[in-house]
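Asker: Following this message is one structure expressed as structure tokens.
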């Protein structure tokens, strides 16, 4: 394959840039899973507020993707599709299990490298948001996804993403209150 063809294939398939050849084989899936698992775990944790459940959700997501890997590997943006599967797995889990589990602060040290007070305060504020709003904030601001990508992952319009994002951020500002200025100053220091 010529260098120009290789770079064109990488542009069409962002997952290929992560080292996945896209031929649909088991080795390709293993490479893909190793490349995206850390990001999926972080997103899962931020959406469900539990590291262990987040890891379980990522495993379920990857298992579902493995079953259909030959078809999925031909898609344009496999990583975006993996976030969509993760979100749907989370929704299915919530529908089946409800919110019976108690969230603890175990494992929070893996989320960010910001000061502990900032991390804990933000995670507590995120936990107050409804699940879909929390998913929008996580995908838009932690995963740095575009409005269009979030819209596709969550299956809602771009207008809903923008509106819910704006309201969720306003709610977070309200929840953080006076601590927000202190936290921002602590982060800059």
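The values are calculated or read from the model by the stated rules, or taken from the named source; none is laboratory data. Source: prediction; values computed, not measured. Neighbour counts run over all protein chains shown; Cβ positions are idealised from the backbone, glycine included.
Asker: Select the helices (runs of 4 or more DSSP H) contained entirely in the stretch 138-189, then report the ones holding at least 2 residues which are touching a helix residue (DSSP H, G or I) at 6+ places or on another chain (Cβ under 9 Å) and at pLDDT 85 or above.
Answerer: Once the helices (runs of 4 or more DSSP H) in the stretch 138-189 are filtered for at least 2 residues that are touching a helix residue (DSSP H, G or I) at 6+ places or on another chain (Cβ under 9 Å) and at pLDDT 85 or above, what remains is 147-154, 158-176.
Asker: Sticking with this structure for a sec: Report every pair of residues separated by at least 6 positions or lying on different chains whose Cβ atoms are under 8 Å apart, first residue within the stretch 36-57 and outside any helix (DSSP H, G or I), second surrounded by 19 or more Cβ atoms within 10 Å (Cβ to Cβ).
Answerer: 49/126
Asker: Next question, about the same structure. Quick test of your reading of the structure: residue 83 fulfils all but one of (1) at pLDDT below 80; (2) assigned by TED's automatic domain parsing to the domain that holds residue 33. Name the failing condition by number.
Answerer: It fails just one condition, (1).
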